[in-house]
Amino acid sequence: MKRLFAVALGILTAIGGFVDIGDLVTNAQVGARFGWSIAPAVVIGVVGICLFAEMSGRVAAVSGRATFDLVRERLGPRVGLLNLVGSMGVTFLTFIAEIGGVALSLQLVSSVNYLLVVPFVALAVWLLLWRAKFSAIENVLGLLGLALIVFAVALWQLGPDWGALTHQALTADKPADEDWTTWAYYAVALFGAAMTPYEVFFFSSGGVEERWTSKDLATMRANVFIGFPLGGLLSLAIAGCAAVVLQPHGIMVDTLGETALPVAEALGKIGVAVAVLGFVAATFGAACETGLSVGYSLAQYVGEQWGKYVRPQAAVAFHVVLVLCTLAAAAVLLSGIDPIAVTEASVVFSAVALPLTYFPILVIANDPDYVGEHVNGRVANTLGTVYLVLIVVAAVAAIPLMVVTGMGQ
């Protein structure tokens, strides 16, 4: 029963924790402009994150060591440093976006300008990272994030033409007035949002925090292969709601409030209240995950003590990094930069950093010195190789598409 409960809780938190500010904004924008015609990018991204999250979780469970610790040792300090700079830069950018997302979510409730809320959000995030247990951060915020299921309920309540939505998804049937370059830009953005690098860093480091062993592999795989795809369905539901309600009226999504409009039409004020709770929980949880991931990455690379499983006095450098990153993120937001613009940039640059993140994981997951008999099988290696090709294509195309389309304008 204890293991069954652990599986169920892990699946639920994986669902609630899968959607962050990037998924909320990007999926709503895409649904409002393209319907479900770019839905395959979400599906492909979810399969990819499941594939590499399982590898990173397996490595952590068998070796007892996290990603950056092994990357530096296995591939050398130069490759490790390149990985660190690229991945940590994107993760920090995402951290800024998530704190901004929490502030924007609270603005919907209080009508107080989000800039006045940012310092309090940053303080709350730092206090949680400093004092709360790892399991509390993951489980409580993940479970509260399940409130985003309201989008799936709203989509069902709206009674869409499922045949038309499915046809859009299967045939990439974009609107006639949209360019293919813009379609491709948002496809890369959705792919990057689904495969954000911090997810595997947090997942593998979390496995070390929770002291996974090879006995936990079944539980870990259930969390990945059930929880993540169900979280992906939430992303599709957000896009579907926007496609049904916003696209026919030509309404573009530029704010979190507009993301919630379809829920308001389908379920009224109560639905909106549940959606806002989901916004706050999802963005706050992702802020904690990205903040921890920055600290994890740097501490693991330089060989310093890290993690929530040790007292702060024993991991001073790790906690100093968390403080500095939180202060820097708050300062960037208080400069007046639009959090939504930061979010859009973060998902595109996530695509750019993907090869730096996932190639080392594939290498380590095939090394018997680290995983023994649990090395990748033929299917995992075949899929991993295919995905590396897709990842490189997305990384190469991301910046040119961003420039040519003016960030999707």
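For the stretch 368-409, a residue qualifies if it is of a type in the set (Val, Ile, Thr) and more than 15 Å from Ala345 (Cβ to Cβ), and the qualifying residues are Val371, Val375, Val379, Thr382, Thr385, Val386, Val389, Ile391, Val392, Val393, Val396, Val404. Within the stretch 234-253, the set of residues being farther than 14 Å from Ser37 by Cα and more than 14 Å from the chain's Cα centre (by Cα) comprises Val245, Leu246, Pro248, His249, Gly250, Ile251, Met252, Val253. Looking across the stretch 31-45, the residues that are crowded, with 22+ Cβ neighbours inside 10 Å, hydrophobic (A, V, I, L, M, F, W, C) and either out of contact with any Lys or Arg (no Cβ under 6 Å at 6 or more places or on another chain) or assigned to a loop (DSSP other than H, G, I, E, B) (or both) come down to Ala32, Trp36, Ile38, Ala39, Ala41, Val42.
Conditions tested, residue by residue: (1) of a type outside the set (A, V, I, L, M); (2) on the phi > 0 side of the Ramachandran plot; (3) open to solvent by 30 Å² or more (accessible area, probe 1.4 Å); (4) touching a residue at least 24 places away in the same chain (Cβ under 8 Å).
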residue	(1), (2), (3), (4)
Val294	no, no, no, yes
Ser297	yes, no, no, yes
Gln300	yes, no, no, yes
Glu304	yes, no, yes, no
Pro312	yes, no, yes, yes
Ala315	no, no, no, no
Val321	no, no, no, yes
Leu333	no, no, no, yes
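Checked against (1) in a helix (DSSP H, G or I); (2) closer than 24 Å to Leu128 by Cβ; (3) of a type in the set (Phe, Trp, Tyr); (4) open to solvent by 40 Å² or more (accessible area, probe 1.4 Å), Phe349 passes all but condition (2).
The values are calculated or read from the model by the stated rules, or taken from the named source; none is laboratory data. If you're wondering where the values come from, they're calculated on a predicted model, not measured in any experiment. Note that each Cβ is placed from the backbone with ideal geometry, even for glycine, and that neighbours are counted across all protein chains shown. Just so you know, the surface numbers come from the protein's heavy atoms only, side chains and all, with ligands and any DNA or RNA stripped out. Shrake-Rupley method; radii C 1.70, N 1.55, O 1.52, S 1.80 Å.
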